[in-house]
Amino acid sequence: MRRLLRWTGRLALLMVALIAALLLPVGYVEVACRGNTPTDQTYVPILPPDHHRPEARTLLTYPEWHIVHAYDDYAKVIDQNDPHAYGFLNAIGGFWSSLCAVSQQSAQHGGFAWETKQMVYTIGVSFTAELLAKAAYEETIGRLFAILRGETRAPLDDISADQAAAYARFLQQVPWYKWDFRSDAQALGTASSGSLRDVERRIALGIEYRTKAAYAGLIEQAVGQVGADNIRLRMLLVGLSSETLGALPDVQVIETRPEGTIIETPRYRVLTELLQDMALAGADFVEIAGNDDILLTATSANPAAPGALHSFARQGYGDHRHLILLKVRDLATRLRTMQGSDLRLKHIHDY
């Protein structure tokens, strides 16, 4: 009985230590990444208040997108290599260092609201725990089975790489919890050749996919109770006629005013492509969701970019990602000048 109590105590201490370790980055961001005292916004919005979104959210949407990018980087790495070639710790460090940068900057754009902090910290801790668990497995058992397999990839190495790439593309527009993880697990079982590596991949990834499927179901229920975020927003722009704007996919012209034309558009990845297309067609943006500042991410071969508030190396691509904050009125010009530079637009972060 004493031995059981002793081991129970040790396990409890281990759990406390693990939880404390996962929360350390949260403490670091809270203490070291506060930025200056939040400043009052001097910009007077043109759009009606019902269509305003907090400006700091353009910065604070990035941490979620960092996770999207991390899955894309992972898919790129395992397209030609084994999972243990991916820098799991680098991906974790990239999340928290980029969060520190945008947290500091958010003080000048309305502050880092506690509700948003809770959400960002929760996904950050979950992301950290997931990648640490995956690293612990892939760097040990996964690596061993890859060595036993030899240089020639097994069928499930290629199928799991294809699944990772499809998942990364899916996340560009749709929440992760809507992905069909159970179908991925079934596909592994169907395609397995029965080799040692395939059996290991089928079991290991099958457990991962089914765990995510169960967690996704809980998240979807929670989102259903609180309500999903609005997937459309309004903006004011000049330079294109109402007829031209109305002909764009899923764009609704709301009204024409002396300051420009108000339109309603989708958000997320579709919005990035739409803003780029409109800029190249001659549009200039005046205001988006009641705001005059916006964040975009771009990639280049250079480790730094003009105006970037944070830059870091991407895995699998051999280049760098840059977080660039600029005025909404300068956005179209920046998008047009990118066409002749080494910067490649990746995402425009709405609110």
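The values are calculated or read from the model by the stated rules, or taken from the named source; none is laboratory data. Predicted model, so just to flag it, every value in this text is computed and none were measured. We place every Cβ from the backbone using ideal geometry, glycine too, and count neighbours over all the protein chains shown.
Give the residue that is farthest from ALA308 (Cα to Cα), with candidates limited to residues of the stretch 92-114 that are aliphatic (A, V, I, L, M) and surrounded by fewer than 22 Cβ atoms within 10 Å (Cβ to Cβ). The selected residue is ALA113.
Consider the stretch 56-79 and keep the residues that are part of a loop (DSSP other than H, G, I, E, B) and either touching a Ser or Thr at 6+ places or on another chain (Cβ under 9 Å) or at pLDDT 95 or above (or both). The one that is surrounded by the fewest Cβ atoms within 10 Å (Cβ to Cβ) is ASP79.
Examine the stretch 124-140 for a residue that is touching a residue at least 40 places away in the same chain (Cβ under 8 Å) and not in a helix (DSSP H, G or I), and state whether such a residue exists.
Within the stretch 124-140 (the criterion being touching a residue at least 40 places away in the same chain (Cβ under 8 Å) and not in a helix (DSSP H, G or I)), the answer is no, since none of the residues qualifies.
Evaluating ASP50 against the criteria (1) more than 21 Å from ALA135 (Cβ to Cβ); (2) touching a helix residue (DSSP H, G or I) at 6+ places or on another chain (Cβ under 8 Å); (3) surrounded by fewer than 20 Cβ atoms within 10 Å (Cβ to Cβ); (4) not basic (Lys, Arg) leaves one unmet condition, (2). Taking the stretch 147-180 as the range and being free of Cβ contacts under 8 Å to residues at least 12 places away in the same chain, over 23 Å from SER126 (Cβ atoms) and not in a helix (DSSP H, G or I) as the test, the residues that pass are GLY150, GLU151, THR152, ARG153.
If you check every pair at least six apart or on different chains, which have Cβ atoms under 7 Å apart with a residue in the stretch 234-257 that is within 21 Å of LEU331 (Cα to Cα) first and a residue that is charged (D, E, K, R) and surrounded by 17 or more Cβ atoms within 10 Å (Cβ to Cβ) second? From residues that are within 21 Å of LEU331 (Cα to Cα), the pairs are MET235/GLU287; LEU236/GLU287; LEU237/ASP284; VAL238/ASP284; GLY239/ASP284.
Per the listing ALA305, ALA332, the residue uniquely in contact with a Phe, Trp or Tyr (Cβ under 7 Å, 6 or more places away or on another chain) and either surrounded by fewer than 18 Cβ atoms within 10 Å (Cβ to Cβ) or among the aliphatic types (A, V, I, L, M) (or both) is ALA332. Considering only the stretch 276-295, I want to know if a residue exists there that is aromatic (Phe, Trp, Tyr) and on the phi > 0 side of the Ramachandran plot. For the stretch 276-295, residues aromatic (Phe, Trp, Tyr) and on the phi > 0 side of the Ramachandran plot: absent. Does SER183 meet the test of being part of a loop (DSSP other than H, G, I, E, B), modelled with pLDDT of 95 or more and surrounded by fewer than 16 Cβ atoms within 10 Å (Cβ to Cβ)? No: the conditions fail for SER183.
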